Amino acid sequence: MNVLELKDVTKKYGGFTAVENVSLELEPGKVLSLLGPSGCGKTTTLRIIAGFAAPDGGTVQIAGEDVGQLKPYERNVGLLFQDYALFPHMTVAQNVAYGMRYRGTPAAAIPSRVKQMLSLVQLAGMEARYPSQLSGGQQQRVALARALATDPKIVLLDEPLSALDAKLRLELRIELKEILRSVGATTIVVTHDQEEALSLGDEVVIMHAGKIVQRGAPTQIYQSPASKLVAEFVGRSNWFQATRGSSSIAGFTSYVTSDGVEIRAKSPPSDRDGRVNLCVRPEHIELMDSAVTEAPRDADHNSIAGVVLDVASLGPDVHVVVELPGKARFLAIRKNVRKIPGLAPGQCVRVLFSASDVLVF
Amino acid sequence: MTAARSKLMLLLPAVAVFVLFLVFPILMVLNESFHTFEPGRIGSVEGGPLTLANYEELFQPVYAQYFAQTYVLAICSSAISIIFAFPIAYCIARTEFAWIQKASISAIVGLMFLSSLVRVYALELTFGSVGVLAPLMSIMDINTNSRLYINFVILAGLLQYSIPMSILILIGAIKNLNPRLTEAALSLGASALAAHITVTIPLSIRGIVSAFLVSMTLGVSAFVIPLILGRGRILFISNLIYSRFSEIANYPSGAAISIVMMVLALLLILVMSRLATSLERA
Amino acid sequence: MLSTKERLNADVTVRTKALVGAKPILSKRRVDILLAIAVTAIIAVTALFLLFPVVVTVLMAFDARDYIGPFPPTELSTRWFGKLLEDAYIWAGFRTSLLLAIATTAAAAAMGALAALAISWMSPRWRDFVTTMFLSPLVLPGVIIGFGLLMFFAAFNQVPVFLKLFAGHLIITLPFTIRMTLVGLAGISQTLREAALSLGANERQVFFTVTLPLAKNGIAAGAIFAFAASMDDLTISLFMSDFQTYTLPLALTTLIKSSFDLTIAAAAVALMGLTIVLLIVLDSVLGLERAMGHGTNRIR
């Protein structure tokens with residue numbers, strides 16, 4: 001049985017439709033990421049599930065029970081707020097115990113459960129501290145312990161890591177994933193951060209303008225985005241506006257960009273003959289010194305001549321900006337495993353990428 | 001350091017006004033309070049012996065009664081206005097409709113800006129002995145000339161000030177409060193009432209104390225309200241001081257009452273702000 | 001890992017079962033419904049309590065009868081406003097009050113703005129101390145200020161009444177202008193001033209091109225508060241006035257205590273109109289919410 005089931009949920013604020021016909025279902029123990037830009041309706045969806053907003057249409061079921069008319073305190077939903085919303089006037093232990101007090105845990109059982117929860121989030125011994133005495137990461141873990149303490153049917157995480165700095169974020173992301181898995185919590189993570197969404201979620205749902213635009217496993221979302229919108233939102237990409245070309249080789253479609261560059265794609269030709277958008281991920285690009293090698297020109301490879309504009313080393317990656325014919329800028333990301341010989345601004349290069357790595361929208 | 005000095009020069013006009021028209025006069029009141037009163041004379045005898053008699057006099061039950069009268073009503077009005085203002089302030093601060101917020105704040109500010117005499121007169125017209133509610137009172141067998149009723153009307157007068165004031169102060173306090181905290185409490189299973197008792201109210205305690213303090217200050221120094229609504233039968237400390245001056249010209253006694261009243265007012269502020277700090281820490 | 005989960009779940013399940021079977025969920029909702037009813041009642045009672053007297057006054061001012069009869073008036077007329085226009089006693093008070101308020105407002109706004117500017121340049125410690133001192137007239141009972149001023153002026157011979165009134169009103173309005181100017185100045189970030197300085201303006205130019213234009217709304221709001229406070233004051237004016245020179249609140253007080261004439265109601269309605277005008281001006285110069293956040297919260 002699904003822990004959560006949303007059917008055609010719609011929410012309007014005045015004339016603005018925040019959520020439109022959203023349907024979701026979630027199996028026990030799974031983690032679902034709700035990804036989208038701000039204002040896409042993901043937070044409203046979360047608030048509807050938690051009971052802070054009443055849907056104008058559709059049904060919400062938690063564990064088979066229609067909760068549409070239930071108040072937040074009548075649903076056993078654990079909520080981790082973006083800013084944690086720890087009660088500043090209560091100690092860590094009082095914060096964690098708060099939910100149990102109101103969900104009817106016998107008073108005698110609370111202290112041991114608090115202890116148990118705090119050791120789960122590795123904060124044993126911090127019971128008497130106040131939230132203001134904790135670091136951001138510790139506060140986040142207290143908030144998680146508080147949300148999990150009542151053993152909620154479903155756990156909702158609202159931008160769980162966005163308040164933390166970049167380095168801590170990675171550490172806590174791994175820890176968060178472990179904790180959620182260890183208690184087997186059925187979870188929805190709402191985030192605008194694709195890395196967070198892809199790494200935490202067993203599945204990812206992309207929302208835009210109140211609607212679900214794609215749902216799938218993280219790899220699927222990245223490798224075969226359903227639309228230009230998804231491709232733009234997840235990962236970096238180089239975009240070309242192109243029209244269908246004349247030359248045709250079996251199994252490939254040929255396109256000509258507005259700057260007259262021919263690009264072949266392996267995907268089947270789209271129905272329309274008009275303009276298409278081609279997308280190439282920077283990671284899928286090889287750069288070669290055009291003076292050293294003449295490009296291999298197999299049917300499934302694209303090769304475009306260009307000039308290096310900028311080389312930026314960002315730790316593990318090297319970002320190379322190449323100018324293509326017609327002043328189009330092109331970004332290539334290379335792993336910084338070894339020094340790339342002779343790659344400097346002004347250098348003439350060939351940009352190589354496989355036809356199967358070209359996404360057509 | 002001429003620049004620094006010229007900057008301080010800007011303070012000079014205001015400081016001069018304060019020293020001349022506030023500090024000096026209050027020192028004169030203090031001085032006067034230690035002098036003897038001679039009936040028939042305006043003001044004390046210059047260069048006469050200093051005395052504490054004016055203060056000793058205040059321990060008589062007659063005087064204590066004025067203080068009690070003032071403080072009891074001020075405390076009642078402050079407490080009632082907090083009880084009424086808090087839920088209203090919460091609704092205004094948290095409403096999702098911007099126009100409701102704007103309209104209610106405008107109405108409340110309007111009431112606060114309204115001339116105090118207009119408000120007192122409006123109350124007199126409504127609750128007074130010949131006011132529009134008088135027929136209703138007589139049906140309900142309420143004697144509009146009883147002391148209790150006059151006390152009630154004065155209380156209503158104080159509330160006309162302190163409720164709008166408290167609402168505005170509390171709106172500020174509640175707006176400073178993260179609304180997610182109340183939501184967190186609800187999502188953890190607390191009913192709305194429990195969430196307010198355990199989270200919203202403790203975290204707005206500073207605003208609550210502040211609103212109480214402002215109401216108290218307004219209440220204890222009230223002058224116009226008891227002057228008109230008290231019908232001469234109920235006097236506050238302020239009215240007592242005025243009558244010392246206007247009716248019997250006993251300046252030294254008026255001065256002594258003034259000093260006591262001022263010390264009490266400052267003491268109140270001190271105690272309440274201490275209380276706010278300690279409550280917040282707990 | 002699984003063992004943790006099972007352990008956690010085992011004791012929770014027991015609890016949850018006990019919980020769902022019992023009634024608390026229903027009663028929580030009932031408590032909330034009661035709370036909602038109570039809050040609605042409080043709002044209704046308070047609105048009625050605060051607004052009913054105002055409505056009564058407005059309706060009575062238009063009462064056609066020449067005595068205070070049962071409410072509401074059976075017939076409406078503007079006769080009391082006609083009487084108000086002819087009432088020399090009220091008009092003399094109004095003239096004094098208006099002149100006094102204008103003079104006080106101008107002086108208090110200028111002094112307050114200068115003082116606030118000096119205060120804003122002080123170190124935080126001094127700033128708090130000096131501000132508290134200047135705001136003290138707001139917490140001191142008005143009678144004491146009036147009584148003190150009376151004795152102060154008694155030391156001099158024959159001070160004109162208007163001057164005495166002016167001094168008293170200055171003391172009670174200065175806190176407003178200082179405070180509101182400080183609010184206006186607080187909105188000006190240090191970086192703005194530094195940006196202007198780095199662009200080549202000198203301190204004086206920065207003051208006239210950046211600080212003053214940005215602070216003027218705060219000064220204006222302070223002036224409105226000062227005007228309202230001066231028009232409203234009774235306590236201090238009572239000690240300063242004589243039979244020839246008296247303020248409008250004084251005139252009204254005398255009338256309220258001596259007659260049941262509805263001319264006062266008409267005057268009250270006229271003052272309500274003045275209040276609304278002040279509010280509209282205040283809203284446009286500073287915004288009501290911002291002004292009230294600092295203007296009314298007298299002690300803090």
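Values in this text are rule-based calculations from the coordinates and carry no lab data. Since this is a predicted model, take the numbers as computed values, not measurements. In this analysis, Cβ positions are derived from the backbone assuming ideal geometry, glycine residues included, and neighbour counts consider all displayed protein chains.
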- Message: Give me the inter-chain shielding for B:6-19: mean count of other chain Cβ atoms within 10 Å, whole number please.
- Response: 6
- Which distance in Å, rounded to a whole number, links the C-alpha centroids of region C:126-164 and region A:7-70? 62 Å
- Relative to the compact-globule estimate 2.2 N^0.38 Å (N residues), the Cα gyration radius of region B:72-281 stands at a ratio of 1.19
- Message: Using a Förster radius of 35 Å, what is the FRET efficiency between A:K211 and A:A108 based on their Cβ-Cβ separation? Nearest 0.05, please.
- Response: 0.10
- Item | Charge sum, other residues only, whose C-beta stays under 12 Å from C:P249's C-beta, Lys/Arg counted +1 and Asp/Glu -1 | -1
- Task: With label points built 7 Å along Cα→Cβ from the Cα atoms of B:M9 and A:E323, find their separation and express it in nm.
- Result: 6.1 nm
- For region B:189-282, what class follows from the C-alpha gyration tensor (a ≥ b ≥ c being the square roots of its eigenvalues): rounded when a/c is under 1.5, otherwise prolate if a/b is larger than b/c, else oblate? oblate
- Quick one: length gained pulling B:L148 to B:T277 fully straight, 0.36 nm per residue minus the C-alpha distance? 42.8 nm
- Query: Under a Cβ-Cβ cut-off of 9 Å, what is the net charge of the residues other than C:R29 that fall near it, where Lys and Arg count +1 and Asp and Glu count -1?
  - Reply: +1
- Note on the structure: Relative contact order in percent for chain A (Cα pairs under 8 Å, 6+ apart) equals 15 percent
- Label points 7 Å out from Cα along the Cβ direction at C:A201 and C:S123: separation in nm? 2.8 nm
- Where labels lie 7 Å past Cα in the beta-carbon direction, separation of B:A98 and A:A124 in nm: 5.2 nm
- Message: At R0 = 41 Å, how high is the FRET efficiency between A:E178 and B:I197 if r is their beta carbon distance? Nearest 0.05 is fine.
- Response: 0.65
- Message: Once you order the gyration tensor axes a ≥ b ≥ c over the Cα atoms, which shape class does chain C get: rounded for a/c under 1.5, otherwise prolate or oblate by comparing a/b with b/c?
- Response: oblate
- Query: Distance from the Cα centre of region A:79-96 to that of region B:124-189, in angstrom?
  - Reply: 35 Å
- Rounded to the nearest 500, what is chain C's calculated 222 nm mean residue ellipticity when only DSSP H runs of at least 4 contribute -39500 (n - 2.57) each, over all residues? -26000 deg cm²/dmol
- What average count of beta carbons from other chains do you get within 10 Å of the Cβ of residues in B:122-131? 6
- Using only Cα atoms, locate the centre of region A:102-153 and the centre of region C:227-290, then give the distance between them in Å, rounded to an integer. 58 Å
- Task: Please list, or write none, the lysines whose alpha carbon is within less than 18 Å of the alpha carbon of A:K266, excluding same-chain residues fewer than 8 places away.
- Result: A:K228
- Message: For a quick check: with amide H placed at 1.01 Å from N, whose amide H comes under 5 Å from A:H301's, ignoring anything fewer than 5 positions away on the same chain?
- Response: A:A355
- Query: What FRET efficiency, computed as 1/(1 + (r/R0)^6) with R0 = 30 Å and r the Cβ-Cβ distance, is obtained for A:N277 and A:M1, rounded to the nearest 0.05?
  - Reply: 0.10
- Checked against a 29 Å limit on the C-alpha separation, the offending pairs among A:K153/C:K28; A:K71/A:K167; A:K11/B:K175; A:K42/B:K175; A:K115/A:K153 are A:K71/A:K167
- Message: Strictly over 31 Å apart at the Cα level, which of C:K164/C:K257; C:K164/C:K216; B:K7/B:K102 would you flag in this model?
- Response: B:K7/B:K102
- Could you tell me whether chain A comes out rounded, prolate or oblate from its Cα gyration tensor? Rule is a ≥ b ≥ c as square roots of the eigenvalues, rounded for a/c under 1.5, then prolate if a/b exceeds b/c, otherwise oblate. prolate
- For chain A, what is the calculated [θ] at 222 nm in deg cm²/dmol (nearest 500), taking -39500 (n - 2.57) for each run of four or more DSSP H residues and dividing by its residue count? -6500 deg cm²/dmol
- Task: Please list, or write none, the aspartates and glutamates whose alpha carbon is within less than 18 Å of the alpha carbon of C:K83, excluding same-chain residues fewer than 8 places away.
- Result: C:D63, C:D66, C:E75, C:D261
- Order these peptides, A:38-50, B:95-107, C:125-137, A:113-125, by their mean beta-carbon neighbour count within 10 angstrom, highest first. A:38-50, A:113-125, C:125-137, B:95-107
- Task: Output the Kirkwood hydrodynamic radius of the protein assembly as shown, Cα pairs only, in Å rounded to one decimal.
- Result: 33.6 Å
- Work out the mean other chain Cβ neighbour count within 10 Å for the residues of C:123-136 and drop it here as an integer. 1
- Give the relative contact order (percent, whole number) for region B:72-281; include only Cα pairs under 8 Å separated by 6+ residues. 27 percent
